[in-house]
Each structure stands twice: as structure tokens, then as C-alpha cells.
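The structure under discussion appears below in the form of C-alpha cells.
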There are 2 protein chains.
Amino acid sequence: MERRDFLKKTGAAAATVVAGSAIAAPAVLAKEKTYRWKMVTTWPPNLPVLQTGAERFAKRLEEVTGGRIKIQVFAGGELVPPFGVFDAVSDGTVECGSGAAYYWAGKVPAGQWFSSVPFGLNAQGINSWFYSGGGLELWEEAYAPFNVIPRPQGNTGVQMGGWFRKEMKTIEDFKGLKMRIPGLGGKVIAKAGGTVVLLPAGEIFTSLERGVIDATEWVGPLHDLRMGFYKAAQFYYYPGWHEPGTCLEVIFNKKAYESLPKELQAAVDAIAMETNFWSLSEFEAGNGAALQELITKHKVNLVRFPDALLNDLRKLAKETLEEEADKDAMSRKVHEAFKKFKEQIGVWGSVSEKPYYDVIADEYSLKGQ
Amino acid sequence: MERRDFLKKTGAAAATVVAGSAIAAPAVLAKEKTYRWKMVTTWPPNLPVLQTGAERFAKRLEEVTGGRIKIQVFAGGELVPPFGVFDAVSDGTVECGSGAAYYWAGKVPAGQWFSSVPFGLNAQGINSWFYSGGGLELWEEAYAPFNVIPRPQGNTGVQMGGWFRKEMKTIEDFKGLKMRIPGLGGKVIAKAGGTVVLLPAGEIFTSLERGVIDATEWVGPLHDLRMGFYKAAQFYYYPGWHEPGTCLEVIFNKKAYESLPKELQAAVDAIAMETNFWSLSEFEAGNGAALQELITKHKVNLVRFPDALLNDLRKLAKETLEEEADKDAMSRKVHEAFKKFKEQIGVWGSVSEKPYYDVIADEYSLKGQ
């Protein structure tokens, strides 16, 4: 044991130096403080991949920074209401939050394009837009007036079309249909004559079972199985035209983010991106297993939306997007950028992903149906 | 200014404490040393996304660790020959390397499944296998006898089928065809009666232009445009059945990786994953733009391989994979795991990605063709 004097330049801080390595430790700055942050989310406690993804973000960030950032994660309602997350981050009540941009559409209409666009980009497409097509910069611009900095933190992949208590044959069948469906998808359903119902997660199953609503969408097999919807509705429709690759977000109070040293900002960005793709992988792998269980154990009736019905929804979606884009300048700017990038991806996808799926189409079939 | 005594528990280490923040600096370890590593790659200098991706990995790792790891990156041949990368990492000549697992198929046959499988998983599928389906653990097992630790570090997405000097109508057209094509894809072409030629990157264009070879595959529009292949061959075929989502790797000498403190190991893993998806995004965005240029400026003739030809190649690919899997126990184990996961992804993809691409098929079309 030896004692040394250390020169400390500032403040009332106490620092403990414990050189734990047998290898020679060189001169290094030790100006480190521990950042203890709070994160609030929109998700119920323990919700797989979504809430557990937010918790994973905190855990990995602590690991990668050697404990320099410790984030305590609160599920929806534990500290602030689920839909109060954006405000809590914006006003600095907490340093960060996790949710999806369409939850704050009332406050930031342009945000809708960064979560999910009906008949829009899938996971691979929207992530390419964020990281290599200018999408993330636009998102930062949209949130800047609120002192909020966004990062993609997850992606559900293509969702399912939803659970219906009756068969859907034509667009007419949406007339008078009471459906739980949020975001732009809900606006499309309303345009088709449906009644859009918003319900807290805990009330959806009972409402569907009792016929208070006729249909609901949720996420995909992994989450839908857990909710037990197969006991309350006969028809499980695909594909999820309304959410083809929904992006989940982690958001930071600008002042808090900027208070971090550069290397910790870099760590936050890296772990957000890591969690983004970890979550997509979890969804892909988990949905496959859950779907098999729904088919073989619960004999679920999987039905593809008819082509004509999808085409009609698509026309309504296009109208809806143009109307939404007309509401403010930022929405228009984002919508035009989104469309432009979608075209670029479409050209490339026409000789890559799309024809490749066609070639191996027979491996993409529902066994047991 | 104040002086304090600090208790130092071990070793001959010297530590300098400079509290640079005006904010209270709390207790923190200062046992840090700077790791100065070398990375060797299989890529030519400045090769977009591939070599620049390896350089990005080094840069981001330095950023995220506040300079605690500094990696000097050497392109193929600068320090060791391109195909000497695995050995150099294995024997500790350097701490890490970047390439693709099929380059060391002679040494680790099972490695082929971790780079690219003809008619195998696309980028989203193989990444789900790595991170959420046990794929990465198998990969670690395959490399363990060589004291090498692998991490996915990039993905090309679906590649192009290649440049051909003649039209390919049936499988018979491969008989006697001289084609530059590596890996398992090359074995399939050989089985179809073709002559597989391996050439350094710098010799491919001239060989194709002079008719020394009849065909070559490379990567996708972004890289193929740069190589000028459109000047040497008339037909640009798709889709790239032989490489539907090629994974690029970063590999570490086991002793070097394990010498890192836990938080730096976590940083290495996070930045490898970040770079993996950054690269896929760059490929997706970049290929779209380059393809447009090939079509509109260079009037390239894009041709889809005929269905019957693809089906014949697929049968040969299946035979090839079984033969390769029979060569050693690890290959068989990996092949069976790969097939099983592919089936799981196929079931889920049959109601998600595949039908979604079908719904928006008209947006996936080649304009200007």
C-alpha cells in the first residue's frame, strides 16, 4: 500500500482512486462524474422488447461507460403518465424518455413520419433513411423547438393487420367498424368510415371480448399472443399496412444531453443504435416462434387482407398523408423528403429485396394452416 | 486549490487526476491505460463502406471510449496480405482484423454460413439469427480453436447477380462459362459446369473487358459503378441469389479482447453492432442512387435471371450446402441451426415482409428502363 498526494484543481468534490490493474496504468484524466438520470417510458412494466428494450438501453449504457451514466427507468404511469413522456423530457422533469413519435402527434405533427407511415418504409428502409438518407437530421429539426433530441431506439418490423371479430371482404366493411388503432392508420380507418377508439393497453382485451370494439391492432404475434386476443376475435389479418416498420424512440432533454462529455454523447448514440437493431432482431425471432404457437396450439385463423381492400386503403392513406402534410410547414418538408427517399429505396429494392423474396417465396409459407 | 491524500491499493501505477469540470466530480476509478491496436483488413484502400467501415469502427471506438482504444487500420496488403488477415489475428501479430468469413473457408469451413449462404437469409434474417437466434454463439464456437472472437461488422444487403457478356437463358448457359465468383456461390457455379476464376480486385475489370472471363459478380451498384463494369459487359443480372445478405466481420485476437476491461469489451461490441447497421444503411441508400445513375447515364441493361434458371441454381445450391456440411462436424451443426432458424423466419416473413413487398410492388419498379 502506498499513499500519494494528488493535485485537484477545482471544487468540493471527493475522488477515490483505486488502481485495480496489475498492468502499468498511464496518465489519464479522471475528471469523471457519474450521471444519474431518470428515464420515463410509455410502456407497461415488463412489456417485452419495448419496456425491456428501454431497460436494456440503460443497462448497456452503464456497462459501456463503466458506470459513468446510471439511468433509472420508470414504466408508463410510474412517474408520469404514458403520454406525458415527451413533455417531461421537454421541460427537464427527467433527462430522457422512451416511446414512439406518433404518441405526440398533437404536439409535433411531423413526428408521425418518424414512427410509422401507412404503406410507408419497412424497418430496413426507414433505418436507411435515418442513418444514411438525412431522416435523423430532419427528426432533430422537428423536435428542436421543444429542446428534445431524438434517436431511433427500436423497430417492430412489419406489424400484423389486427384482430377482427368479423371477416373483412371489402373497404365497405370498415363502415361503422369500431377499431382500436392509433396514429395515421387510425386516420385512414376513420376516412373509410370506421370509428377509431383509443384504449389503454389494459382495457383492450375485455373491450374486444365483449364486443365494445369490433377489432384491434396491437403489435405482432409475440405481443398479441401474450394479450390473449385469439380468445376474443376469430380473424387475425395480415399484413400490417398501417405499421410496416414502426420506429421506437429514445428522447433526451437537450440540456441534459449536451451536458455530457463528448465520449458519453457518443456512447448514448451507439447504445441507442445497438438497441434499435437488437429490438428488431428480437421481434423477428420472437414473432416467428409466437406465430407457430398461435397456429398450432391456438388454431388461429390467419387471413390476408384482399388485394382490392388493400388498394382502397392505400388510396385513402395517400389522401390522409397529403392532408396531414398540409397542416404545417415541417410536416410538408418531412413528407416530401420521406417520399423522395422511398422512391430511391424502391428503385434499388426492385432488383434486390423484392425479387429475392419472390425467388424464395415457397419458403415463406404458413405451415400448419 | 486543495490537496488530499488518496489511497491507492495496488501496483506501480501512476495516475494523474485533473478535475476539469466545474460540476462536483465524484468518486471514480482512474486505472485507465490507452490500448493502441492494429487492425488489418481484406479490403483495398478507401473501398467505400467496406474499408471506410473498418476505419469508421476504429474512429467511433476511439470516440466512445474517450481515446482509451486507438486502432490504426491497415488496408489489404499494407501490413499483411488480404487473405492473411485471419492468421495475423489468430497468432496475435495484430489485435484485430476486418473481412468476411468465407475468405477463410479453407481453414474454418463452418465460417461460410456466417458470411453468405446461396438462397439463404437476407440481412434482416441473418442479423436476427446472430443477435436473437444463437447464430453469434455458434460463430464464436467455430472460431474458438483459433483464438479468434468474431463480431458482425457490416452487411451488404442483397447483392447483384453479376455482369455477364452474354445472355443467360437456362442453366446450360453456365457450362464452360468463366466467372469470377467466390465462396459457396462459386461452388454452385462450378457444379453447373462453369469455370470459377479467382482474381484480385485490380484485375477483374481488364479480364472482363478482354474476355479472359465471361462474367463477374462484385457487390452492388454502389461498388460496381465505381469498377466501371458497365463498360465491359452488356448484361447486369439480378437478384444476387448467391449473396442475399453478406455479413462482414470484425475479428479479435482472444487474448487482446480479453485483456480489455469489461467496459471496453462492451464498447467494442456496441460499436461493431453500430457499424454493422450503419453499413447496411449506407449500402441501401447508396445502391439506390448508383443504380439510377447506371440506368439513366450509362443505359445499363438490367435483366432478371429467368425463374427456371434460378430454380436450377437453387437445387444445385442445396446439394452444395449438404456436401459442405458433411465435411466436418461443426459445419453440420451450423448448417442445421441455420436451416432451423431460416424456417422460423420464413413462417413469420410469410405474413410480414413478403406480403408487404407484394402489396407495394408497384413502387418497386425500375423507372427509366
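Read-outs throughout are calculated quantities, based only on the coordinates presented, and are distinct from any laboratory measurement. Just so we're clear, the structure is a prediction, and the values are computed from it rather than from any experiment. Here the Cβ is made from the backbone with ideal geometry for all residues, glycine too, and neighbour counts use every protein chain on show.
Extension gain, B:Glu140-B:Ala289: 0.36 nm per intervening residue step, less the Cα-Cα distance, totals 50.0 nm. Restricting the stretch B:100-176 to GluC sites (Glu not before Pro) that sit in a DSSP loop and have at most 12 other Cβ atoms within 10 Å of their own Cβ leaves B:Glu167. In the structure shown, the pairs A:Lys169/B:Lys169; A:Lys169/A:Lys342; A:Lys262/B:Lys255 are assessed against 31 Å; a Cα-Cα span above that value is assigned to A:Lys169/B:Lys169.
Each residue of the stretch A:64-79 was assigned a 3J(HN,Hα) from its phi angle through the Karplus expression (A = 6.51, B = -1.76, C = 1.60, θ = phi - 60°), giving 6, 9, x, x, 6, 10, 10, 10, 8, 9, 10, 5, x, x, 6, 10 Hz with x at Gly and Pro.
Each of B:Ala215, B:Leu248, B:Thr275 was placed along the dipole of the stretch B:156-308 (beta-carbon charges, centred on the mean Cα), and the one lying farthest toward the positive end is B:Ala215. With R₀ set to 22 Å, the beta-carbon distance separating B:Leu199 from B:Glu167 gives a calculated FRET efficiency near 0.45. Shown for A:Leu321, A:Leu264: other C-beta atoms within 10 Å of each C-beta, ranked fewest to most, produce the order A:Leu264, A:Leu321. Of the residues B:Leu121, A:Leu366, the one with the fewest other Cβ atoms within 10 Å heads the list, and the complete ranking is A:Leu366, B:Leu121. Taking every residue in A:157-164 and counting other chain Cβ atoms within 10 Å of its Cβ, the average works out to 3. Using R0 = 22 Å, the C-beta based FRET efficiency linking B:Arg36 and A:Lys262 works out to 0.60. With K and R counted +1 and D and E -1, the other residues having a Cβ less than 15 Å from that of A:Ala308 yield a net charge of -3. Here the spin labels are modelled as points 7 Å beyond Cα on the Cα-Cβ line, and at B:Leu366 and A:Lys231 they lie 5.3 nm apart.
Computed per residue of chain A from DSSP H runs no shorter than four, each worth -39500 (n - 2.57), the mean residue ellipticity at 222 nm is -13000 deg cm²/dmol.
With contacts taken as Cα pairs under 8 Å and at least 6 residues apart, the stretch B:215-369 reaches a relative contact order of 33 percent. The ranking of B:Met227, A:Met273 by Cβ neighbour count inside 10 Å, starting from the fewest, reads B:Met227, A:Met273.
Dividing the mean sequence gap of close Cα pairs (under 8 Å, 6+ apart) by how many residues chain B holds gives a relative contact order of 21 percent. Ranking B:Ala317, B:Leu264, B:Ile126 by how far each Cα lies toward the positive end of the dipole of chain B (charges on Cβ) leaves B:Leu264 at the top.
Placing R0 at 25 angstrom, the Cβ-Cβ distance between B:Lys340 and A:His298 gives a FRET efficiency of 0.65 after rounding to 0.05. Shielding value for A:287-294 is 5, the average number of Cβ atoms from other chains within 10 Å of each residue's Cβ.
Contact order, relative form, for the stretch B:138-270: 41 percent (alpha carbon pairs under 8 Å, 6 or more residues apart, mean separation divided by residue count). Label sites at B:Asp326 and B:Lys255, each approximated as a point 7 angstrom past Cα along Cα to Cβ, lie 4.0 nm apart. Taking 0.36 nm per residue of separation and subtracting the Cα-Cα distance, full extension of the segment from B:Glu319 to B:Lys70 would add 85.1 nm.
Peptide B:130-139 is shielded by partner chain Cβ atoms: per residue, an average of 3 of them sit within 10 Å of its Cβ.
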